[in-house]
1. What about Tyr439, is it hydroxyl-bearing (Ser, Thr, Tyr), touching a strand residue (DSSP E or B) at 6+ places or on another chain (Cβ under 6 Å), at pLDDT below 95 and not assigned by TED's automatic domain parsing to the domain that holds Arg595?
2. Please specify each residue of the stretch 369-380 satisfying the condition of being surrounded by fewer than 22 Cβ atoms within 10 Å (Cβ to Cβ) and over 19 Å from Thr482 (Cβ atoms).
3. Which numbered condition trips up Gln318, out of (1) at pLDDT 95 or above; (2) under 26 Å from Thr690 (Cα atoms); (3) among the polar types (S, T, N, Q)?
4. Out of contact with any Pro (no Cβ under 6 Å at 6 or more places or on another chain) and buried (at least 21 other Cβ atoms within 10 Å of the Cβ): which single residue out of Val680, Val669 fits that description?
5. Within the stretch 479-493, is there a residue that is outside the structural domain of Ile645 (by TED's automatic domain parsing), touching a His at 6+ places or on another chain (Cβ under 9 Å) and farther than 22 Å from Gln366 by Cβ?
6. Of all the residues that make up the stretch 79-89, how many are in a helix (DSSP H, G or I) and surrounded by 16 or more Cβ atoms within 10 Å (Cβ to Cβ)?
7. What is the one condition in (1) surrounded by fewer than 21 Cβ atoms within 10 Å (Cβ to Cβ); (2) in contact (Cβ under 8 Å) with a residue 60 or more places away in the chain; (3) of a type in the set (A, V, I, L, M) that Val573 does not satisfy?
8. Would you pick out the residues in the stretch 623-657 that are assigned to a helix (DSSP H, G or I), under 22 Å from the mean Cα position of the chain (by Cα) and crowded, with 17+ Cβ neighbours inside 10 Å?
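The values are calculated or read from the model by the stated rules, or taken from the named source; none is laboratory data. Note that the coordinates shown come from a computational prediction; the quantities given were computed from them, not determined experimentally. Using ideal geometry, Cβ is built from the backbone for each residue, glycine included, and neighbour counts are taken over all protein chains shown.
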Amino acid sequence: MARKKIIPVQPTVVPFLNRELSWLEFNQRVLDEAMNLAVPLLERIKFLCITYSNLDEFFEVRVGALKQQIETDDLTRGIDGMSAGQCLRAVTRRVRSMTATAECCWSDQLRPSLAVAGISFVLPTELDESDRRWLGQYYREKVHPVLTPLAIDPSHPFPQLLNKSLNLITRIRLGQGEDTAERLAIVQVPRVLPATILLPRPDSRKVHVFLSDLIGTHLDQLFPDTVMDGWWAFRITRNSELYIEEEEASNLLKAVEAELHNRRKGEAVRMEISEGCPESLRDELIHTLGLNLNDVYNVGALMAPGRLMSMLEDQSAQDLFDPPFIAPIAAAVRGWTDLFEAIREGDILLHHPYESFDTVVRFLQQAASDSRVLAIKQTLYRTGGDRRIVGALMDAVKKGKQVTAVVELKARFDEANNIAWARRLEEAGVHVVYGLVGYKIHCKVSLVVRNDPDGIRRYVHLGTGNYNPSTARFYTDIGLLTCHPDFGEDASILFNLLTGVCQPRPTRRLILAPFELHERVQSFIRREIAHVRAGLPGRIIAKMNALVDEETILSLYEASKAGVEIDLIIRGVCCLRPGVLGLSERIRVCSIVDRFLEHSRLWFFANSNQPEVWVTSADWMPRNFFKRIEVAFPIIDGRLRDRAINEILNLTLADTVKACWLKPDGTYVMTTTLPHTTPVRSQTQFMKITRGSRHRVGDAEIQPGKGLKLRLKPVEEPS
């Protein structure tokens, strides 16, 4: 590939990109997958739903924080120099553009394509007489009894609408002549009922009606003897950040539970409302909810697209999905009945979801049942609904083992689930702790203490992803199984820190945040700078979800100016401006949005031909460096280190199908495949590698376990 063109940027340009706008560019790349004709149709529906789900969380957390900053007259500016007000205005413009694109994607592309595939979404009024009769009976029997009409008058105040609930509003008139009275009325669309209704069909066609449309067409039955002017759907998004003073909370679990109730009724930050809603009615809602016109988003064809996710549960149309992928067991553990024996043979590197997460589950299940195991210590951040991990911990207690679980109660939007599991673990006899006051426990560590025939040995699993077997099928993550004494000692130090009141002790291999991770990252970058200035090669490759920390970005700029070649693989937010003449011309930033969510974090430092590879649970963000308990661990086995460099990092950078490259202005451009070259889709290649197939990537042949050595060059940017 030819060298990427450097786009000159004026020196007066702020050297940092805005965090919120950068995140919105990531969400645009998700939306781009919904519009990508090469993606199977129902996978495009999935990406559309994820786009809107991401926006919901963005408003609940990030926009909520911006509005709170404005309301409290907080004049703090972001590293890009924007005030909260300026940022909110820019965010509003970008979101309006994005949602307009998403609406067109549904109306002009996805909905017509679904109809061609025999999947239709229709209004009740578009159905024939027999379908309307069936639908009417469905409404009377299954929907009407559940509904609660809410009139708004002096004796009926405006109801407390739940966060993200879908509601219908209408204006009704009672009485006649001079006695006519007008009232607003609201009906909440029940979440306990299916969001879409599939009509019976003798053939394979699937005809869906949205529950909200069904309720709307029968709304007059809820308000008899009245005149209705019409009905419109609307939806409120509320500030959903938890505000907990941990130092003042006598019981953290109860404090989190109490705050969860407040989340449902936090301050409104956004209202989505059907196009065509009368201005007078809209303005009444705005006034009642404490919003302004800039907080209102008119929605055309699709309100609450998350309702479409139920379609993805129908596996009858396999040709509309990606080909199924069943992750194989990692080659390093195939044929081993005793995982502890396999680990003693050498460290095991796991690449999920391309290698099955069942290896990790099996590790904990074997630890629970093994008579030689004395103790298990485990961090839990997002547990999910799969009980195998927590079930293994509870089973271990029944077998008489000492079991400790460090449960993070404040994992955003998983708080209630984690509280439920924490209670079940405690009831089973597991010693449950909630970590350190003021810090989230974000590291992913399991420690198993076993009485082997030759003495006590500690087995450790370290990873970048959650102990959640469900999401492990869709998230790309790295895990390491080892019984190296240094890792075992460091893991013990970590758990003693989390469960006791001791001060942090020095570690041999692991790097811990918030104690030293930030400074160590800076030292790694400074080391590359020193090597280049000494005439030695300097190289950095870092893969993560987000890059926000100002000091780290400035260090990378210094490295670029010194001559260090830097490739960053950043899935989401990136506040660094690459390719700026005199500042960052040696820095390239790519992002991959594909079938699996890129979630692994690993760093490569050339270190003057003595390469180091670090794997971590931490992004380069202030919260990860200073507000969370994080772990970074080295890959010390040379064979595994080469695999991480060649088979994971280099192959990711070689992607010419799904990789987008960040431009200095904050927008992204797709990689272009040059003529007469083979397109490379890294996630597809990873699947082939773990299946054990021998294949080619471009002009280089790769065999399982042998790695891929490519000469990395900047991607050519199309003119």
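1. Values: hydroxyl-bearing (Ser, Thr, Tyr): yes; touching a strand residue (DSSP E or B) at 6+ places or on another chain (Cβ under 6 Å): yes; at pLDDT below 95: yes; not assigned by TED's automatic domain parsing to the domain that holds Arg595: yes.
Yes, satisfied.
2. Result: Ser369, Ser371.
3. Gln318 satisfies all of (1) at pLDDT 95 or above; (2) under 26 Å from Thr690 (Cα atoms); (3) among the polar types (S, T, N, Q) except (1).
4. Details: Val669 fails: buried (at least 21 other Cβ atoms within 10 Å of the Cβ).
Within the list Val680, Val669, the selection yields Val680.
5. Scanning the stretch 479-493, I find no residue that is outside the structural domain of Ile645 (by TED's automatic domain parsing), touching a His at 6+ places or on another chain (Cβ under 9 Å) and farther than 22 Å from Gln366 by Cβ, so the answer is no.
6. Here is the first cut: in the stretch 79-89, the residues in a helix (DSSP H, G or I) are 84-89.
Now narrow it down to the ones that are surrounded by 16 or more Cβ atoms within 10 Å (Cβ to Cβ): 84, 87-88.
Of the residues in the stretch 79-89, 3 are in a helix (DSSP H, G or I) and surrounded by 16 or more Cβ atoms within 10 Å (Cβ to Cβ).
7. (1)
8. If we filter the stretch 623-657 for residues that are assigned to a helix (DSSP H, G or I), which is where we start, we get 623-626, 638-653.
Narrowing further to those that are under 22 Å from the mean Cα position of the chain (by Cα): 623-626, 648-649, 652-653.
Correct list: Arg623, Asn624, Phe625, Ile648, Leu649, Thr652, Leu653.
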